[in-house]
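Structure first, commentary second.
The values are calculated or read from the model by the stated rules, or taken from the named source; none is laboratory data. Note that the structure is predicted; figures quoted are calculated from it, not measured. All Cβ positions, even for glycine, are placed from backbone atoms using ideal geometry, and neighbour counts span all protein chains on display.
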Amino acid sequence: MTTEFHSFSSQHESVKPLLGVPALVVSGFLGAGKTTLVKHLIVDAQQQGLKLAVVSNEFGELGIDRALLQEAGGPGYVELEGGCVCCQLTNELLETLQNLWETIRPDRVVVETSGVALPFETLMTFWREPLTEWVGESLAVVVANAEQVAEGRDLEGTFEQQVSSADIVVVNKIDLVAEDSLGGVERLLLDMAPDAPFIRSIQGKIDTSVVFPPALSPSNSSKRKSKPEILPHTHEAFEAQELSFPDNITPEDLIQQLQPLKTLRIKGIINTSVGPKLVQGVGPRIDLSAPPANLPQEIIGRLVAIRRK
């Protein structure tokens, strides 16, 4: 195994997000388009002046992903070779992520697994100390090759385990599938991941606000947000909306009001009848947990929701 670290400067100094640094595990079967998606995430972060830490795991010793991703010029890039981050390299991944935090203080973190890794087991690394001290929400984004699904190739075993572990499924390479076949592709994937939102893409181009939702800040108003810029070739359009709820709403009532909204992502802080709660939602799943300490009062009582237009 070899580990190679590269650090790149960012145009703007960044501040740690109030709710922790968001992290993604990008997984998917061999040839699904994971590296292409990660390159898109790198470019998007650069355009926003954000520091993105990327850890890429390639099964084997060739280091092909390093050549592709290093060229994109992310703010921090590490390749872990010669094993799999969901099993053999778990401790190396933990050490690498902590080193990236201490070295470049990223605004976002992406771990790209090999095509044989399982995202849930990789995601567990973010629940270990000392990463829990600075990582906020962590999600598994699984890339599925629409052409592979349409042809019924290699859909058992690893493929099914990966998709079933997804928080969000990116249905990639839709340009290689007849439009009237796409519904069948998504129905098959839905059987494997019934609670995960689906995003269609060509060459991994997605609206990144879905996987990295807009962060709440004290300077944001409580009015409805303007629509984010939609990238070409995604074939989908999204909008971000800020929602507010009365104080002392019960957690049960809050969840009941949020679930029917059919949002892709929800995040924010709400004063409930049992105290402030950090609300994080992906598809129909809504999680409530204790919020970080010393949050600005201006962000309490507000949620950002992202949905299809």
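Is there a residue in segment 189-204 that is of a type in the set (S, T, Y) and at pLDDT 95 or above? Break it down stepwise before answering.
Looking only at segment 189-204, we keep the residues that are of a type in the set (S, T, Y), and these are 201.
If we keep only those that are at pLDDT 95 or above as well, we get 201.
Yes: one or more hits.
Of all the residues that make up segment 164-179, how many are surrounded by 18 or more Cβ atoms within 10 Å (Cβ to Cβ) and either of a type in the set (F, W, Y) or in a loop (DSSP other than H, G, I, E, B) (or both)?
Summing the residues that are surrounded by 18 or more Cβ atoms within 10 Å (Cβ to Cβ) and either of a type in the set (F, W, Y) or in a loop (DSSP other than H, G, I, E, B) (or both) in segment 164-179 gives 5.
Can you name every residue in segment 245-255 that is in a helix (DSSP H, G or I) and over 26 Å from I199 (Cβ atoms)? Break it down into steps so the answer makes sense when it comes.
Let us first name the residues in segment 245-255 that are in a helix (DSSP H, G or I), namely 251-255.
Those that are in a helix (DSSP H, G or I) and over 26 Å from I199 (Cβ atoms): P251, E252, D253.
Out of segment 180-213, which residues are assigned to a loop (DSSP other than H, G, I, E, B) and acidic (D, E)? Even if it seems obvious, please write down each step before you answer.
We begin by selecting, within segment 180-213, every residue assigned to a loop (DSSP other than H, G, I, E, B); these are 193-197, 201-213.
Scanning segment 180-213 gives D195, D207.
What are the pairs, 6+ residues apart or on separate chains, where a residue within segment 160-173 that is closer than 9 Å to P119 by Cβ has its Cβ under 6 Å from a residue that is part of a strand (DSSP E or B)?
These pairs meet every condition: Q162/S27; Q162/V142; S165/A140; A166/A140; A166/V142; D167/L139; D167/A140; D167/V282.
Within segment 271-309, work out how many residues are of a type in the set (D, E, K, R), surrounded by fewer than 16 Cβ atoms within 10 Å (Cβ to Cβ) and in contact with a Pro (Cβ under 7 Å, 6 or more places away or on another chain).
Of the residues in segment 271-309, 1 are of a type in the set (D, E, K, R), surrounded by fewer than 16 Cβ atoms within 10 Å (Cβ to Cβ) and in contact with a Pro (Cβ under 7 Å, 6 or more places away or on another chain).
Just for helices (runs of 4 or more DSSP H) wholly inside segment 34-142: which have at least 1 residues that are at pLDDT 90 or above, over 26 Å from L295 (Cβ atoms) and aliphatic (A, V, I, L, M)?
Values: elements: 34-47, 64-72, 90-104, 119-123.
Helices (runs of 4 or more DSSP H) meeting the threshold: 34-47, 90-104.
Checking H233 against (1) under 21 Å from P22 (Cβ atoms); (2) at pLDDT below 85; (3) not in a helix (DSSP H, G or I), which single condition isn't satisfied?
All conditions pass for H233, except number (1).
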